[in-house]
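Let me begin by presenting the structure, written as structure tokens, before commenting on it.
The values are calculated or read from the model by the stated rules, or taken from the named source; none is laboratory data. Keep in mind that this is a model prediction, so the values were computed, not measured. Cβ coordinates were reconstructed from backbone atoms using ideal geometry, including for glycine residues, and neighbour counts include every protein chain displayed.
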Amino acid sequence: MSEAKRPWGGPEWLIVIGAGIFIFVLGLSAAWEADIRWLHFFQAWMYIAAIWLGLRKSRWGYFVGIAAAGTWDYMSVFVNTFFMSGLHHLASWVRTGHLAQPDQLLAIPAWGSNLIMIIGCTWGYLRLRDKRPSDLLRFAAAFASTTIFFAAAMAIFQPRYLPQIRGMLHPRWPRW
């Protein structure tokens, strides 16, 4: 049975679940904060492309998924305080019983769903039989194109976030 005709397995489920949860979180976040709706709409398309290509067992889908999800998780830990803020608000809620900013909790499932997607895409790629050295160049191209797409969406819809792209080159350790 060819790889493309092989039924869904673990990697495909992880890709669909991880991307699906993240797209749902993007939608919830956009419902809370109207000015980021268009940014999140276009960001979701990277994940839809990764699902579609990943279900076809395309190395491009795996590379786009790893790049998009990896970039988001990296940025939310090392470039901005989104993930740490979510953990802080969760801990405060557990400690006090009062949740001051429920929207901040979205960072936790967002980060986790991206990690699930990275695992699914990596697993899917590792199952491919015809891996080539040129795949490293393909991954670099997927990383560059997803980053450029994300930066372009930021530039058009939320230019205030553009410094985060530059911040990827000069990260800081998370503040615990």
Given (1) buried (at least 19 other Cβ atoms within 10 Å of the Cβ); (2) of a type in the set (Ser, Thr, Tyr); (3) over 17 Å from the mean Cα position of the chain (by Cα), index of the condition Ser113 fails: (3)
Scan of the range 96-118 for residues that are assigned to a helix (DSSP H, G or I), at pLDDT below 90 and of a type outside the set (Val, Ile, Thr), ordered by number: Pro102, Asp103, Gln104, Leu105
Close pairs from the range 94-113: first within 18 Å of Met75 (Cβ to Cβ) and in contact (Cβ under 8 Å) with a residue 12 or more places away in the chain, partner buried (at least 17 other Cβ atoms within 10 Å of the Cβ) and charged (D, E, K, R), Cβ under 8 Å, at least 6 apart: Trp111/Asp73
Positions within the range 95-108 being under 21 Å from the mean Cα position of the chain (by Cα) and surrounded by fewer than 16 Cβ atoms within 10 Å (Cβ to Cβ), in sequence order: Pro102, Asp103
Selected residue (only one of Ala44, Ala50 is among the small types (Gly, Ala, Ser) and in contact (Cβ under 8 Å) with a residue 60 or more places away in the chain): Ala50
Ser145 vs. criteria modelled with pLDDT of 95 or more, buried (at least 18 other Cβ atoms within 10 Å of the Cβ) and either of a type outside the set (A, V, I, L, M) or closer than 17 Å to Val64 by Cα (or both): no
When residues of the range 33-66 are limited to those that are assigned to a helix (DSSP H, G or I) and within 19 Å of Ile108 (Cα to Cα), the one farthest from the chain's Cα centre (by Cα): Ile36
The range 12-32: number of residues that are within 23 Å of Thr147 (Cβ to Cβ) and more than 15 Å from the chain's Cα centre (by Cα): 1
The range 119-168: number of residues that are small (Gly, Ala, Ser) and either in a loop (DSSP other than H, G, I, E, B) or over 18 Å from the mean Cα position of the chain (by Cα) (or both): 2
Odd one out for Ser134, checked against (1) surrounded by 12 or more Cβ atoms within 10 Å (Cβ to Cβ); (2) farther than 18 Å from Thr71 by Cα; (3) among the small types (Gly, Ala, Ser): (1)
Qualifying residues in the range 129-157 (those that are among the aliphatic types (A, V, I, L, M) and touching a helix residue (DSSP H, G or I) at 6+ places or on another chain (Cβ under 6 Å)) - the one nearest to Val16 (Cα to Cα): Ala142
Members of the range 10-40 found to be surrounded by fewer than 18 Cβ atoms within 10 Å (Cβ to Cβ), free of Cβ contacts under 8 Å to residues at least 12 places away in the same chain and hydrophobic (A, V, I, L, M, F, W, C), listed by number: Phe24, Ala31, Ala34
